[in-house]
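The values are calculated or read from the model by the stated rules, or taken from the named source; none is laboratory data. Remember, predicted model here, so these are calculated numbers, not experimental data. Here the Cβ positions follow ideal geometry from the backbone for every residue, glycine too, while neighbour counts run over all protein chains shown. Please note that ligands, DNA and RNA were not included when accessible areas were found on the heavy atoms of the full protein model with its side chains. Shrake-Rupley method; radii C 1.70, N 1.55, O 1.52, S 1.80 Å.
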Amino acid sequence: MSRFVSVLRELVADFSAASHAAAAVRRHQMPSDATLRQLGISPRDMATIRL
Amino acid sequence: MGAFDLLMNGLVTAADPMLLLYALIGVTLGTAVGVLPGIGPALTVALLLPVTFRMDPAGSLIMFAGIYYGGMYGGSTTSILLNTPGESASIITALEGNKMARKGRGGPALATAAIGSFIAGLIATLLLAFFAPFIVKKALAFGSPEYFALMMLAFVTVSAAFGDSTLRGLTSLFLGLALGCIGIDQLTGQTRLAFGQAELLDGIEVTTLAVAMFALGEALAVAGTRNKAEEKVEAVKGSVWMTRQDWARSWKPWLRGTLIGFPIGAMPAGGAEIGTFLSYSAEKKLSKHPEEFGHGAIEGVAGPEAANNASAAGTLVPLLTLGLPTSATAAIMLAGFMQFGLQPGPLLFATNPGLVWSLIASLLIANFMLLVLNLPLIGLWVRLLTIPKPWLYAGILLFATLGTIGANPSTFELGMLLGFGILGYVMRLFGYPIAPIVVGLILGPLAEIHLRRALSISQGDWTVLFHSYLSIGLLTAAALALIVPVILRARGKGQVLSQLAGDED
């Protein structure tokens with residue numbers, strides 16, 4: 001049960017991070033470092049992309 | 001008749017040479033705008049709205065859908081070869097794709113993106129054909145209270161739930177709702193907010209607002225903010241084809257990307273970008289080579305590219321079955337339907353099944369066209385990047401203006417186009433989303449009609465809005481979508497969610 005809750009929490013956190021990252025890139029802005037790290041993306045790599 | 005038979009009938013209709021030509025024009029234009037950074041499918045469809053209103057509705061809508069699909073395909077090319085995404089949905093592709101190109105593996109990166117897009121588009125279109133009849137069957141039983149509740153949910157999710165600021169989203173929505181009130185009240189015949197202007201009696205033209213906001217506003221904003229740094233295109237070295245190992249590492253991400261992208265595209269305000277971020281995250285967690293991520297992992301290209309194409313088909317599920325746009329491009333496509341006097345939704349499946357099913361079937365054909373167009377012609381698409389940007393933006397402004405005047409030759413309409421274009425630019429400048437204003441203008445009058453019809457039937461009793469479990473469920477979901485993000489931002493401590501929510505505001 002605790003494993004299920006932890007997976008669910010991770011999914012919700014990933015979804016929330018993805019929606020915030022999506023909102024930022026739509027405005028041609030960099031998502032925050034915390035958002036990127038939650039999604040397994042290196043902020044340094046992301047900074048190289050011309051948004 | 002089952003979904004399969006309807007789809008087969010649609011394929012026969014869509015095989016008409018003229019419709020095939022429309023599909024080919026759509027996917028070619030879509031790929032071109034996908035390749036060009038700063039120009040997206042929403043802008044292109046908006047530009048074409050005024051020039052297609054006298055054309056065949058089926059052909060025009062097939063062309064619009066082709067542009068949407070093509071845009072998702074083309075966006076990956078610049079992401080991989082230039083590290084500049086053609087579309088915001090292709091940003092994640094650049095992370096691994098450009099690294100692959102720098103290592104001389106640009107060919108396999110482009111191939112896995114194109115084949116993944118093809119497979120995702122194919123599966124997602126079949127899922128659309130499979131799910132649409134079920135949703136239509138349920139939606140045919142909707143009464144005015146359910147429709148009103150559904151539109152409330154659409155308003156909240158498009159403007160407030162997943163955006164970066166609830167207040168800005170709602171402001172944009174209410175602007176659209178206010179614009180939707182202009183004209184003659186359809187129930188009483190009273191004039192509203194026309195200020196004595198005869199041109200406003202018919203209300204604001206959705207096409208004019210869409211062209212102004214998405215074409216003029218976007219072109220001005222992009223021209224004003226484009227990075228002027230020199231762009232270096234990575235040459236495609238070696239074979240374009242994928243190795244056996246590339247295939248083995250790509251097929252699972254393609255399928256996972258499709259399964260992630262399709263439902264997210266169908267969600268109100270989901271958008272293709274969310275699916276790509278989630279797909280990248282999932283692939284990194286599931287990969288046998290997580291150490292390669294950040295250095296050119298093929299899974300990081302395959303999954304997100306499949307997700308963004310599946311999302312495009314997912315977007316069409318609520319648009320065609322319920323008349324609900326869940327993204328900016330879908331909002332423009334809804335305007336496209338309405339310029340032909342067609343209201344997407346369950347009744348369209350009943351009254352005009354030929355058009356709907358030929359549109360769905362044409363998406364399958366468009367997918368094959370895109371696969372053929374994309375990989376062998378990669379050199380041609382890259383050449384598009386040499387077009388000087390000022391020419392491009394000036395062309396958009398000119399085409400938008402001429403199209404609007406051609407469709408509605410009046411100085412007043414031209415003034416509105418320019419006024420709304422500047423409003424669109426200013427809104428972008430201050431971070432206000434554009435889609436809610438168009439959705440408010442399109443769906444606002446419909447929501448008003450359903451609300452007033454429900455209240456007329458119940459003789460003014462407001463509880464009619466809560467008379468069925470479905471409308472209660474939809475209104476509760478709308479209330480939660482409005483309140484939960486605000487609470488999470490307000491708490492601002494202890495949880496990842498609130499921290500992330502706060503980060504972006």
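What does the extension gain come out to for B:LEU167 and B:GLN343, with contour length at 0.36 nm per residue minus their alpha carbon separation?
That works out to 60.4 nm of additional length.
Show log10 I(q)/I(0) for the range A:2-47 at q = 0.24 Å⁻¹, two decimals, from a solvent-free Debye sum over equal Cα scatterers.
The Cα Debye sum returns log10 ratios of -0.79.
What's the buried accessible area, both sides, between B and A using a 1.4 Å probe, rounded to 100 Å²?
Interface area, both chains combined: 3000 Å², rounded to the nearest 100.
What is the extension gain from B:ASP5 to B:GLN190, computed as 0.36 nm multiplied by their sequence separation minus the C-alpha to C-alpha distance, in nm to one decimal?
61.9 nm
Return the sequence-ordered ³J(HN,Hα) values of the range A:10-27 in whole Hz as given by the Karplus equation 6.51 cos²θ - 1.76 cosθ + 1.60 applied to θ = phi - 60°, using x for Gly and Pro.
These are the phi-based 3J(HN,Hα) values: 5, 5, 5, 5, 5, 5, 4, 4, 5, 5, 6, 5, 4, 4, 5, 5, 5, 8 Hz.
Residues with amide H under 5 Å of B:ILE184's amide H, sequence separation 5 or more or different chain, H placed in the peptide plane at 1.01 Å from N; which?
Placed amide hydrogens put B:ARG192, B:GLY203 under 5 Å from B:ILE184.
Taking N as the number of residues in chain B, what value does Rg over Cα atoms divided by 2.2 N^0.38 Å take? Let's see the in-between values first.
Working: Rg = 22.4 Å, N = 505, 2.2 N^0.38 = 23.4 Å.
Chain B yields a ratio of 0.96.
Say each of B:THR411 and B:PHE134 gets a label point 7 Å from the Cα, pointing the same way as Cα to Cβ; how far apart are those two points in nm?
So the two model labels end up 5.7 nm from each other.
Starting from the Cα of B:ALA178, step 7 Å along the direction of its Cβ; do the same at B:ALA15; then give the gap between the two resulting points in nm.
The modelled label-to-label distance comes out at 5.4 nm.
Which value results when the Cα radius of gyration for the range B:362-424 is divided by 2.2 N^0.38 Å?
Rounded to two decimals, the normalised Rg is 1.65.
If one takes the longest principal axis of the Cα atoms in chain B, at what angle in degrees, from 0 to 90 and to the nearest 10, does the Cα axis of helix B:17-35 lie?
The two axes meet at around 70 degrees.
Please identify every one of the chymotrypsin sites (Phe, Trp or Tyr not before Pro) in the range B:364-454 that sits in a loop by DSSP and has no more than 10 other beta carbons within 10 Å of its own beta carbon.
Sites meeting the loop and neighbour criteria: B:PHE430.
What would the Debye formula give as log10 I(q)/I(0) at q = 0.08, 0.12 Å⁻¹ for the alpha-carbon point model of the protein assembly as shown, no solvent?
Computed log10 I(q)/I(0) values: -0.49, -1.16.
Need one number for the range B:125-195: average projected area of the convex hull over its C-alpha atoms, nm².
The orientation-averaged projected area of the Cα hull of the range B:125-195 comes to 7.4 nm².
Could you work out the pair-distance distribution P(r) of the range B:1-81 from its alpha-carbon pairs, with 10 angstrom bin width and percents rounded to whole numbers?
The distribution over the range B:1-81 is 20, 42, 27, 11, 1, given as percents.
How well do other chains shield peptide B:429-442, expressed as the mean number of their Cβ atoms within 10 Å of each residue Cβ?
Values: counts 0, 0, 3, 1, 3, 1, 1, 0, 0, 0, 0, 0, 0, 0.
If you average over the peptide's residues, the count of other-chain Cβ atoms is 1.
For chain B, with every protein chain kept in place, what is the accessible area per residue (1.4 Å probe, Å²)? List each step's numbers first, then the result.
Details: 19810 Å² over 505 residues.
On a per-residue basis, chain B sits at 39 Å².
What stretch of chain B, leaving out the sites themselves, is the longest with no trypsin sites (Lys or Arg not before Pro) in a DSSP loop having at most 16 other Cβ atoms within 10 Å?
B:289-492
For the pair B:GLU291 and A:ASP33, how long in nm is the line joining their label points, each one 7 Å along Cα→Cβ?
2.6
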